[in-house]
Amino acid sequence: MNAPHTWRQQAQRYLLEGVQCTACDHRMFPPRAVCTECGAASMRPHRFCGGGEVYSYSFVYHPPAGHEEFAPYPVALVRLDEGPLVAAQLTDVATDDVAIGLRVEMVTRRVREDSADGVIVYGYKFRPAIPPARR
Ligand SMILES: [Zn+2]
């Protein structure tokens, strides 16, 4: 991955920035040009809160190049509190604790190191949400 491409995706990766339809208020992530709900083409930026719960999950035992150090690792479809499903790696979680319905929150973590040009790519992952009483 080259630097300009990384730069363009930065807001989306770091901030979980999606869009909200100005016609029907439907919220989408990743951002889309046309509303998947009503077909309108008028969007405004929407920053998701980063909270959600595990909708489905799996474990990766044979990761793609650049991700070997993390294997095996859990990946999940996370249902964001605002509605969209997001695929992401889970982090800071014991294998036995991964479960459907687990409350999670977004964190920014190192995703991989590009050995070709030394670029370290950061992105979002999800970790178990800490209950308010334990903060
Ligand atoms: Zn819409």
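In the range 93-102, is there at least one residue being part of a loop (DSSP other than H, G, I, E, B), under 26 Å from Pro31 (Cα atoms) and free of Cβ contacts under 8 Å to residues at least 24 places away in the same chain?
So in the range 93-102, the residues part of a loop (DSSP other than H, G, I, E, B) come out as 93-94, 98-102.
Applying the additional criterion that residues be under 26 Å from Pro31 (Cα atoms) yields 100-102.
Cutting the leftovers down to free of Cβ contacts under 8 Å to residues at least 24 places away in the same chain gives us none.
Within the range 93-102, not a single residue is part of a loop (DSSP other than H, G, I, E, B), under 26 Å from Pro31 (Cα atoms) and free of Cβ contacts under 8 Å to residues at least 24 places away in the same chain.
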Qualifying positions in the range 33-81 - under 18 Å from the mean Cα position of the chain (by Cα), within 16 Å of the ligand (Cβ to nearest atom) and either at pLDDT below 90 or buried (at least 17 other Cβ atoms within 10 Å of the Cβ) (or both): His46
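The values are calculated or read from the model by the stated rules, or taken from the named source; none is laboratory data. Small disclaimer: the values here were computed from a predicted structure and weren't measured. Here the Cβ is made from the backbone with ideal geometry for all residues, glycine too, and neighbour counts use every protein chain on show.
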